[in-house]
Amino acid sequence: MENKNAVKVKGDPVTLIGEEIKTGQNAQDFKVLNTNLEEVRLSSFKNKIKLIASVPSLDTPVCDLEIKRFNDEAAKLSKDLVIIFISMDLPFAQKRFCQANEIKIVKTLSDHRDADFGQKFGVLIKELRLLARAIFILDKNDVIKYIQIVPELTSPPDYDAALSALKNLVK
């Protein structure tokens, strides 16, 4: 699937490729790499509520603020919650970023090798081979409960809407 105009970069439309997903459906398992170059799958987080944020790169001001905000706010909500940030950054860069910024709660995962997550969640930007900024909230059974694809790549997500959806799920 290709979806043109759903996301823009500084006002210019880009093409998202991959599956079109909807709330209420089961998320497909995907494979990415952790900061130790080990393969991780969605199924690695069984029986957890998952907030998955896809971002273009951790080394941008908007992503920097986003990961810190979710690290501080969302992490306090439940022991059954895992916060996952996925980007095309190399695992080495993700590790350095987390160490430099004391990100200890959020799991950072890299989709650089196969773009498997990006394609299965429909957030792979064809022109840039980066991931669109998006938030997905999955329940303990991997049912997609919330989707937010940010229309402008350089803008932050609607934190309040995402945190509200998350709070309703962890009750």
Unmet criterion (only one of (1) of a type outside the set (S, T, N, Q); (2) under 20 Å from Phe30 (Cβ atoms); (3) open to solvent by less than 20 Å² (accessible area, probe 1.4 Å); (4) more than 11 Å from the chain's Cα centre (by Cα)) for Asp89: (3)
Is it the case that some residue within region 53-64 is open to solvent by less than 20 Å² (accessible area, probe 1.4 Å) and farther than 19 Å from Val123 by Cα? no
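Given the condition loosely packed, with under 13 Cβ neighbours inside 10 Å, modelled with pLDDT of 95 or more and in a helix (DSSP H, G or I), answer yes or no: does some residue in region 65-74 qualify?
The answer is no, given that none of the residues of region 65-74 is loosely packed, with under 13 Cβ neighbours inside 10 Å, modelled with pLDDT of 95 or more and in a helix (DSSP H, G or I).
How many residues does region 65-84 hold that are of a type in the set (D, E, K, R) and touching a Leu at 6+ places or on another chain (Cβ under 7 Å)? Working first, answer last.
Start the filter on region 65-84 by keeping residues that are of a type in the set (D, E, K, R), which leaves 66, 68-69, 72-73, 76, 79-80.
Right, trim to touching a Leu at 6+ places or on another chain (Cβ under 7 Å) and you get 73.
Of the residues in that region, 1 qualify.
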Per the filter on region 143-171, residues over 12 Å from Lys50 (Cα atoms), in contact with a strand residue (DSSP E or B) (Cβ under 7 Å, 6 or more places away or on another chain) and open to solvent by 70 Å² or more (accessible area, probe 1.4 Å) are Pro151, Asp158
For region 82-140, give me the residue count where each residue is over 21 Å from Lys46 (Cβ atoms), β-branched (Val, Ile, Thr), assigned to a strand (DSSP E or B) and free of Cβ contacts under 8 Å to residues at least 60 places away in the same chain. 0
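Leu124 - would you say it is of a type outside the set (Lys, Arg), in contact with a helix residue (DSSP H, G or I) (Cβ under 8 Å, 6 or more places away or on another chain), surrounded by 20 or more Cβ atoms within 10 Å (Cβ to Cβ) and more than 17 Å from Ile67 (Cβ to Cβ)?
On the way: of a type outside the set (Lys, Arg): yes; in contact with a helix residue (DSSP H, G or I) (Cβ under 8 Å, 6 or more places away or on another chain): yes; surrounded by 20 or more Cβ atoms within 10 Å (Cβ to Cβ): yes; more than 17 Å from Ile67 (Cβ to Cβ): yes.
Taking the combined requirement at face value, the residue satisfies it.
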Test result for Asp160, free of Cβ contacts under 8 Å to residues at least 24 places away in the same chain and more than 19 Å from Lys31 (Cα to Cα): yes
Among the candidates Glu39, Glu19, single out the residue that is open to solvent by 20 Å² or more (accessible area, probe 1.4 Å) and either more than 18 Å from Ile135 (Cα to Cα) or aliphatic (A, V, I, L, M) (or both). Glu39
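The values are calculated or read from the model by the stated rules, or taken from the named source; none is laboratory data. These numbers were taken from a predicted model, which means no experiment stands behind them. Cβ: placed from backbone, ideal geometry, glycine included. Neighbour counts: every protein chain shown. Accessible surface areas use protein heavy atoms only, side chains included; no ligands, DNA or RNA. Shrake-Rupley method; radii C 1.70, N 1.55, O 1.52, S 1.80 Å.
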